[in-house]
1. Test of the criteria: in region B:205-277, which trypsin sites (Lys or Arg not before Pro) are in a DSSP loop and have at most 11 other Cβ atoms within 10 angstrom of their Cβ?
2. Would you mind giving the three semi-axes, in whole Å and largest first, of the ellipsoid equivalent to region A:116-167 according to its Cα gyration tensor?
3. Quantify, in whole percent, the carbon and sulfur part of the accessible surface of the protein assembly as shown (1.4 Å probe; protein heavy atoms only).
4. Other chains' Cβ within 10 Å of B:430-441 residues: what's the mean?
5. Please check region A:341-366 for residues whose accessible area, probe 1.4 Å, is lower by 40 Å² or more when all protein chains are in place than in their chain alone.
6. If the cut-off is 20 Å between C-alpha atoms, which aspartates and glutamates fall inside it for B:LYS89, apart from same-chain ones fewer than 8 positions away?
7. Using only C-alpha atoms and all pairs of different ones, pull out the Kirkwood radius for region B:392-483 in Å with one decimal.
8. Let me confirm one metric for peptide B:469-481, namely the mean number of other chain beta-carbon atoms within 10 Å of its residues' beta-carbons.
Amino acid sequence: MADVDVINFATTDCASVNFAAVKFDVGIIGGGLIGCATASYLAKAGARVILLERGQINQGASGQNAGSLHFQLEHRLIQNLDVQQRELEFYVGLAKLSIEDWKNIEVDLGCDPQLAMHGGLMVAETSEQTALLERKSRIEQSQGLSVNLLDGTQARNLAPYLAESVVAALHCPDEGHCNPRLLTPAYARRASACGAIIKAGAEVKTIERKDSGWRVSFQQSGSKPGSDAATVHNINCDMVLNAAGAGAPAIAVMANLHLPLFAVGLTMNATEKAAPVVAHLIQHVGRKLSLKQTDDGNLLIGGGWSAQLRQKHGRWSADESPQLLLDSVMGNLRTAAEVVPLVKSLRLIRTWTGTTCITADQLPVLGEVAQAPGFFVAAGGSGFTYGPTYARLMSERMLTGQSSYSLEPFSPARFGGLNAFMA
Amino acid sequence: MSINPGTRQPETMKAELLIIGAGPAGMAAAEAAHGLGIDVVVVDEQAARGGQFLRQPPASFKLTDWLPGKTYSKAKTLLARSAELSDVKWLLRATVAGIFPVNNAQPGEARFRIIIDTQDGTQDWQARSVLIAGGCYDLPVTFPGWTIPGVMAAGGIQAFIKSQQLVPGQRFVLAGSHPLQLVIADQIIQAGGEVAAVLFAQSQSRALSLVRQPLTLWRHANKFIQMASILIRLRKAGVPVRFNQAVVQANGAEQLQSVSVASVNRQGEILKGASEEIECDRLGICYSFLSSAELVRQVNANCIWNARRGGWIAQHDHWMRSSIAGIYVAGETTGVAGSDTAMVEGKLAALGCALDLGQLQLSSAEQQALSMRRDLRRLNVFAELLSQLSWPNDAFFDQLISDSSIVCKCEELSAGELRQMLQDNPEISTASSAKLLSRAGMGLCQGRYCHHAVTRVVAQTRGLEEQEVVGFTSRFPAKPLSIGHLTELKG
Amino acid sequence: MVDEREVSAYAGETLATVLLAQGITVFNRTLKGRPRGPYCNMGGCFECQVPMAYPGADTFNWVRACMVTADAGMKIVTGATLSAQPGKPTTAELTTATPGGSIAGKRP
C-alpha cells in the first residue's frame, strides 16, 4: 500500500486502500467550504487529513450561496442589537481578520476565485432604517471596521444605479463578492496537493470514541446493501471535525451529541448577463436584499428569502433541495427592482434553492465539544464570508490547542447544558 | 378564438385543464376534453397552433398547397377542427415559466398555479389539472464549428420552408442519422433550393432496415410509399444520398463555407484520415430529438433518461397520468414517437383527466380507451424500431466532441476546457456538479443545447453510464423571463 | 429598419426570415466576438437574438428573431454584441453593425 501522504483518490476506488492501517490526525466530515479549507490549512501544516463528503464537493450551501462578502453586520444580525451587543462586537472583530484573509486568498490558493472587493453599500429607504445604520455603524467602528455613512446623493454618486428612494447607505469599502462555485473546489485541490485525502461519495455511518481518539466508518453513498461498493471502511483519527453544514446535527447524533443548528431553506435568483454596471455588493438594512454583479456579468439577487424545506417522516429533510416558493422569488425581485431599477430590464434565467443552517443566536458554532474531547464543530453563521477565517482559526486550534483569535464566544460550550446529560 | 392577453381579467385566469403545447398532442387533448365538457385553456409559445409538426404559416400568407401529402393530413384536419372549438381558449405567443402546486387544495379547487409570460406581461393562472405536451426539439450535436452562422438544426430549416415559405439559404448539406432529413431535403428541392448531399452516419442497410420487417411494412405502408417517392425525387434532382458518412467539422469564419465529411465504419467509428470537403452555405443537423422536459422535471414528476428515445422521458400510467396527481403528459414528452402517437396520447390524457375530474364514468372511459391503447401499442412498436435504426449509438457523439468544439455555446466553453476541469477536479462525476464549476448550462438556453454533450463528456471521462451522470436541475423559470413583467404581476 | 437601412418584409414574417432573406446570417456576436445566427428556429436556442425597438420607441430589447413577427417601423440591429448595456445596445454597436452581401433566400 502506497504512502498515504501522496495518494490522491479518484471518485470510486476505495478497495485498494487499507484505511484502518493509517492513523489520521483529523477526520473531516463535510466537503463544503469550511471542510475543504480546514483540510487545506491542516494538510499544509503537515497534518494527516481525510475528508469525507457524502455527495459531491461543494454540493451544499457552500456552492449555492450568493457569494457575498458582507463584513458589516447583516440585516439578520441586528434584529437584537440590545441583547447581543457583546457578541456582535466580537463578530465584527472577526470581520477585520477575514478581510485580510480574503486579500491573501489568491496567493494562498494559487488561483483566482473571481474575488472582487470593490465595496459594499447597505442601503436605507426610511429614516428609521437610517437610524439603524447609524447604530450599527457605531458598533462596527468601535471594532475598527472601516464603514462610513453616506446620504442618498453621495450613495448615488458612488453607485448611480441606485434608486431615488435610497436615502442613506453605509459604505464598507472592503466588501464584495467571490465565486462560491470556484472557491471550495480550489481549496479541495489545494488540500489534495498538500497530501490530504478528499473523498466524495462517502457517507459516514458511525462515529465512536476509540482509545484516545475517534473511529469513523463510512460507505459509498447510495450503494446497494450486499454489493462490493457497500463495504464499510473504518478510519481512525485523533480528532474529528464536524463541518457538515445543514447535516451537522445529524453527524453530531452519531457521536451522541446535541448540536442546536437548524436548517434553513433559502432562495437565489440569477439574471442574464449584462454589461458591467453594478460594482458593489448591495444590501438593505431594513428589507431582505442582497444584490451583486458577478465577473461574468450576471446579477445575483438574494438576501434571505425563504424556500420551503421538505419534510420526511415529520422532520425537516436536509437531504433534498428545498422547494422554491414563487412568493419568495416575486418578493425578492420586487425588492431588488425598487432599489436597483435596471433589474427590470433584465431577464431572470435561473433560480435555485439551498439549505444552510443557523443557531438560535445567529452566531456560528466553532470549537471543541467539552463532553467529547477531540470532537470539533465548525458550522453556521456567515459560513461563506468567514469560511476561510473559520478554517484557518480552527486548524490552529486543532493543531496547537489555541487559535490566534479567540473563538470563545462561538464555542459549543454555550450550548454545553444540552450535552450535560449525554453519555 | 384567441384571447388578447391584455384584456383578460385576473379572476378569469382559471381553467379546469390547462394544456401546455398546441401541437398534435395538445390539440387532440383539447378537442377530446372539450367534447367531455371540460373547461380547457391551451398555451403555446408559437404564434399559431399546430406545434413544430405543422408550423403554420402566418395568417397573412395566402397558400394554395401547404404541406401536401398524407403525413400531415390527419394533423391538418385536427388543426382545422380545433379552430372550431368555440369554448377552448388558445393562449398563443405565451410561454409557461413555471408550475407551482397549490398547498392544501380542496376538492374542486385549483391544484396548480401556472406562471405564463406573454408579450404584454406575466399572467398568473390557476388550474385543476395540467397536461404537459410541450413536444421536442432537434438534438443539438456538438462538433467543431457547429455554432457558425449557417449551421442549423434540420428541423429549423424545415420550419423556414413550412411556415415562412422561405428557403433559408442557397446550397444545403443535410447530415445526421434520422430519415426525416430525406423529407427535409425533398422539401428544399421542391421549394427551389439546392441540396449538395444528404449524409447518414449509419449504413444503408441499417437505415432502411425497416423495409425488411414485412408486418411493419404492411401496417405503415403509407410511410414507405412516401419515402420511396422522396428517394426517387432526390435521385432525379441529382442529390447524393450517402451512408456511413458524418460531418465532423463545419468551416467558415463569419458564415459557413464548407463542411468536412469523414467515413464511419459499421461499428460506428469515425475513421481518421483524409476527410472530404463539401462546399455549402447551410448545414442541417438531423440525428435525433430531445423532449422538452423542463416543466415535467420542474414539478418533479418521475422521468427516466433514455437518449435514444428523447432524453428525459416522463413516466406515466395507462391514463397518461404523471407521477404527480393532476399532471398529465402526452406526445413527445413521453418518448419521441411522432405525431400519430401524440394525437392518440392527447386523447387518452383527456380521458384520464375527465375521469379524475369526475366528468366520466370508468366504464365509459375504459371502453373508449381500449382502441386508443391498442393503437398506441402498434404505434410505439414503429416508433421504437424507427428510433433504433436512426440512432447511431450513445458513444458515437463522443467522437464529434473534439477538444476545440464548443460544448456550451452560451458560455462559450470548449470541450477541451470542460475535460481539463474534470481532470483537475477528480471528485466531480455528475453533469450537475460539472455545470457548477464550468458554467456549462448557465446561459440563456438553460442547458437545452448542451446538457446532452456535457453528459457524454462526463460519462466518457469518468467511465460511467449516462444515467449515473445526467441531470441539470430544472427550475423556474423554464424559459428566461422578463423581471419587469414578473414584478408587475399582481398578487 | 435593419441597421439604419429600410427593408421590406412580407406581412407576418418573423424577423429571422426577414434577415435571412436579406442575406444576413450574423445576427449577433458573443462576448468573445464570435458570430452567431439562427440554429433551432423555434425559440429554444437563443442564438438568433437581435436588439429590437418597437415602432416609435427607442429602447432596444434583445428578442429572439425567430419568434417575433416583423412589424412596420420596427428597428433591428444585427451583429451587436450580446449583453450590451441593459436595455440598450451602445451607439457604437448601432453604427458599426453592417448587413451581409447578396440575398440568399429564395421565395417559391
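The values are calculated or read from the model by the stated rules, or taken from the named source; none is laboratory data. Note that this is a predicted model, so its numbers are computed, not measured. Note: ideal-geometry Cβ built from the backbone for every residue, glycine included; neighbour counts use all protein chains shown. Heavy atoms of the whole protein, side chains included, go into the accessibility calculation; ligands, DNA and RNA do not. Shrake-Rupley method; radii C 1.70, N 1.55, O 1.52, S 1.80 Å.
1. Answer by residue number: B:ARG266, B:LYS272.
2. 19, 15, 7
3. 51
4. If you average over the peptide's residues, the count of other-chain Cβ atoms is 4.
5. Checking the loss per residue gives A:LYS344, A:SER345, A:ARG347, A:LEU348, A:ILE349, A:ARG350, A:THR351.
6. B:GLU11, B:GLU16, B:GLU31, B:ASP39, B:ASP44, B:GLU45, B:GLU109, B:ASP117, B:ASP120, B:ASP124
7. 13.2
8. Averaged over the peptide's residues, the number is 4.
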